[in-house]
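Here is the structure we will look at, set down as structure tokens.
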């Protein structure tokens, strides 16, 4: 009998054996840097001669790997290959498909430190952030396997005398998986596994900064025995192959996590009927946030400061759930600001290969320039309290930055920065704090720090976000515990890691037989 799902434990790096094991994994992975990777279509490894270097954002002169890039012709081939593989894969039983995920989870659990080490190198994640990412990937594999087994059982219907009625969930077809770089293993694994275990075949177009990690995950699925053509790995420029994948008449659905601009473009293009297309394409999209932590006047300020610092500066603020706005009641505003600034200044910024590093670099030169521009804008819209500077010139390092006395309509209070920058806003009342928090086109996560039960209940009703947290940070959703997805322009509120997520990749068929 299948064990009840339990979240994968995080590694305790305070223990010497765990530290030594991870250091060994870093050394082993470091010896493998510079390998070549390329598209894998129908099990065939392809060399295109159009190589792209994946670099270490903490040491920009270090190449993590060379990745051959696909062109529009290969994108078309990948979709057609997935469509051909679908004809056999859709007939594999739900339980059998689930067992492929369970095998992949077991393999990943044995190689947890290795995959985390790849993220330290390619994504600039600290030891802790990388370990959490790998644990979440394991969780997605384990959780979705069990969910497919549940959905594969006979579904309850109202009985009708003289008839046998059956509802089954059948797969859709070919899906295009476009994961982000900020959770390059966890979200990639979750998006891919959910579609595949539901009986679909996929083309995975990884984010450009983390194509090596995606290649390693594709190798893991191959090792787990997933048949050729079920998962096709297609590294390439979004500008060059993205439209081909989305527009293709054989594409049945697109699963996307990334920016609002790209997500809306995908949604628009997917709504168009291509010649030969026989369905309405589904789009599952998670498109970011502008997330707020409200701090009430009666709050535990130590708790609030810790929650804000962790939410705003974890992984350099490069999480769609990151706290980028603090709305504090005016009675505690200054005291809270001082406490958060003290914590921000104490954060150890540096090479994520070092065990004591708490915050590494931002992902690439584009992000680095964009965040610096927002810091400059912020200094015209508020008061720079701490940060604003750069770290080591070896990589894309920025200091944790706090900008205070910001107005609700300021650019840094409205636009997604995706970096270690948090704006402080003042509210005269809790009601005003809620209004400010909701005054954004996003609606992903939020948090309220308060001892007031009436205020928490008010926030429960009025704070319009998909994931709302009380008296804790607004990051760190756990699979099965905190189904994750947002409102408004944060996306389609798909609730990844929840019991209804797999329904997005299936269609319900009812068969009724007169007896």
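Just so you know, all these numbers are worked out from the coordinates, no wet-lab data involved. In this text the structure is predicted, and so the values were computed from the model without any measurement. Ideal geometry is used to build each Cβ from the backbone, glycine not excepted, and the neighbour counts take in all protein chains shown.
Observations
- If the chain linking residue 106 and residue 15 were pulled fully straight, counting 0.36 nm for each residue of separation and taking away their Cα-Cα distance, it would gain 30.4 nm.
- Full-stretch length increase - residue 157, residue 441 - with 0.36 nm per residue and alpha-carbon distance subtracted: 98.3 nm
- Taking every C-alpha pair closer than 8 Å and separated by at least 6 residues, the mean separation divided by the residue count of the chain gives a relative contact order of 17 percent.
- Principal-axis analysis of the Cα atoms of the chain puts helix 72-89 at an angle of about 60° to the longest axis.
- Label-to-label distance, nm, for residues given as residue 280 and residue 150 (7 Å Cα→Cβ offset): 2.7
- Of all DSSP beta bridges in the stretch 291-478, antiparallel share, percent nearest 5: 15
- C-alpha long axis of helix 453-462 to longest principal axis of the chain, angle in °: 50
- Potential lengthening of the chain between residue 411 and residue 512 amounts to 30.7 nm, from the contour at 0.36 nm per residue minus the alpha-carbon distance.
- DSSP beta bridge pairing in the stretch 8-67, given as percent antiparallel to the nearest 5: 70
- At R0 = 30 Å, FRET efficiency that the Cβ-Cβ distance of residue 46 and residue 88 yields, to 0.05: 0.85
- Contact order normalised by residue count of the stretch 291-478, Cα under 8 Å, 6+ apart, percent: 30
- Residue 481-residue 503 pseudo-label distance in nm [points 7 Å out on the Cα-to-Cβ vector]: 2.5
- Principal-axis tilt of helix 94-110 within the chain, Cα atoms, nearest 10 degrees: 50
- Peptides 152-164, 23-35 ordered by average Cβ neighbours within 10 Å, highest first: 23-35, 152-164
- Relative packing of 171-183, 501-513, 109-121, which averages over residues the other C-beta atoms within 10 Å, highest first: 171-183, 109-121, 501-513
- A helix-only calculation puts the chain at -12000 deg cm²/dmol for mean residue ellipticity at 222 nm, using -39500 (n - 2.57) for each DSSP H run of at least four residues, averaged over all residues.
- Rounded to 5, the percent of DSSP beta bridges in the chain classed as antiparallel: 35
- Protection proxy ranking of 431-439, 138-146 - average other beta-carbon atoms within 10 Å, highest first: 138-146, 431-439
- Distance between modelled label sites at residue 1 and residue 166, nm, 7 Å Cα→Cβ extension: 2.6
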